[in-house]
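Heads up, the thing below is written out as structure tokens.
Only the coordinates and a few stated rules stand behind these numbers; no lab work does. Remember, predicted model here, so these are calculated numbers, not experimental data. All Cβ positions, even for glycine, are placed from backbone atoms using ideal geometry, and neighbour counts span all protein chains on display.
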Amino acid sequence: MIATTPEQIKALRAAGKILAGVLADVAALAKEGVSTAELDLACEHAIRARGAVPAFLDYQPDGASYPFPASLCVALNDEVVHGIPNEKRILRRGDILTIDAGLSYQGYFVDAARTVCIGECDQGAHKLIAAAKEALQGAIAAARPGAHTGDIGAVVAGIAGKYNLDVVRDLGGHGVGTTPHEKPYIPNEGRRGEGEELVAGMVLAVEPILAEGKGDIVLDEDEWTYRTEDGKRAVHVEETILITEGGAEVLTA
Ligand code: MG
């Protein structure tokens, strides 16, 4: 969406603040021995307790064969995005966990993801997470009126390359605000000056996804979970931002 009124911006800020709190709550529960289904229940509770509505629960975008059955998307290790929480999947020491949630508040949608280590992670995991966070900050810094979606992709791919990591090319960010997924598509690679031009008021979910090996992905039999084709790990981080006159404001910080 393109937010044009102070009321819209106020509601989007409130929605973003709620989601940041929800993800902090869920991240705090993500410990060795906890199932991903427990995290999903906590996520749904945290969203509803704040007067918001889960955006991913029962969401069925074009191309999906059935609605997503949870409020929280989880992705562990070689899983890239859209993993379905499961009571049998217990977090283990050394896992890299991404938690990704969306919600609507007063009719406005926001979307964000955090990645955490369960217990102690290895150096490779720390590098992958640090690079993904740097790519996200770089993407946000590149987002301003007059910039193009390709500028964001170029920054993300450039930072991945600096760390000898790959980007997941088949997935990216998107507009958000009046629905969970809107135009424009925000690629995780690109050329400066290409793609849609950003304008003030645009609400965007920016989500770099970096891979330790190659960024090629495959879809699981559950028809939701994407994982890396080579079985190496991937990390996904995401914020919803508002394009302002002078740059971008992170709504979900
Ligand atoms: Mg998203």
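Note on region 85-109: residues that are closer than 22 Å to A49 by Cα and either within 16 Å of the ligand (Cβ to nearest atom) or part of a strand (DSSP E or B) (or both) amount to 9.
Restricting attention to region 180-203 and to residues that are among the acidic types (D, E), more than 20 Å from the chain's Cα centre (by Cα) and in a loop (DSSP other than H, G, I, E, B), the residue that is surrounded by the most Cβ atoms within 10 Å (Cβ to Cβ) turns out to be E196. Scanning region 203-248 for residues that are in contact with a helix residue (DSSP H, G or I) (Cβ under 8 Å, 6 or more places away or on another chain), farther than 13 Å from A112 by Cα and not hydrophobic (A, V, I, L, M, F, W, C) returns E212, R233, G247. Search region 144-161 for residues being without any contact (Cβ under 8 Å) to a residue 24 or more places away in the chain and surrounded by fewer than 23 Cβ atoms within 10 Å (Cβ to Cβ), and hand back the single one that is nearest to the ligand (Cβ to nearest atom). Of everything passing the filter in region 144-161, G158 is nearest to the ligand (Cβ to nearest atom). Screening D230 on (1) surrounded by 15 or more Cβ atoms within 10 Å (Cβ to Cβ); (2) within 15 Å of the ligand (Cβ to nearest atom) shows it passes everything except condition (2).
Among residues that are within 16 Å of the ligand (Cβ to nearest atom), within 19 Å of the chain's Cα centre (by Cα), under 28 Å from A248 (Cβ atoms) and buried (at least 16 other Cβ atoms within 10 Å of the Cβ), A113 is included. Does A125 satisfy the criteria of being within 17 Å of A75 (Cβ to Cβ) and within 15 Å of the ligand (Cβ to nearest atom)? It is false that A125 is within 17 Å of A75 (Cβ to Cβ) and within 15 Å of the ligand (Cβ to nearest atom).
Would you mind stating whether P67 is over 15 Å from the mean Cα position of the chain (by Cα) and under 18 Å from A27 (Cα atoms)? For P67, the condition - over 15 Å from the mean Cα position of the chain (by Cα) and under 18 Å from A27 (Cα atoms) - is not met.
Residues in region 204-222 that are farther than 30 Å from I9 by Cα and assigned to a loop (DSSP other than H, G, I, E, B) were compared, and the one that is nearest to the ligand (Cβ to nearest atom) is G215.
Table: residues versus (1) without any contact (Cβ under 8 Å) to a residue 60 or more places away in the chain; (2) part of a helix (DSSP H, G or I).
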residue	(1), (2)
A14	no, yes
G21	yes, yes
L39	no, yes
H45	yes, yes
G51	yes, no
Q60	yes, no
Y66	no, no
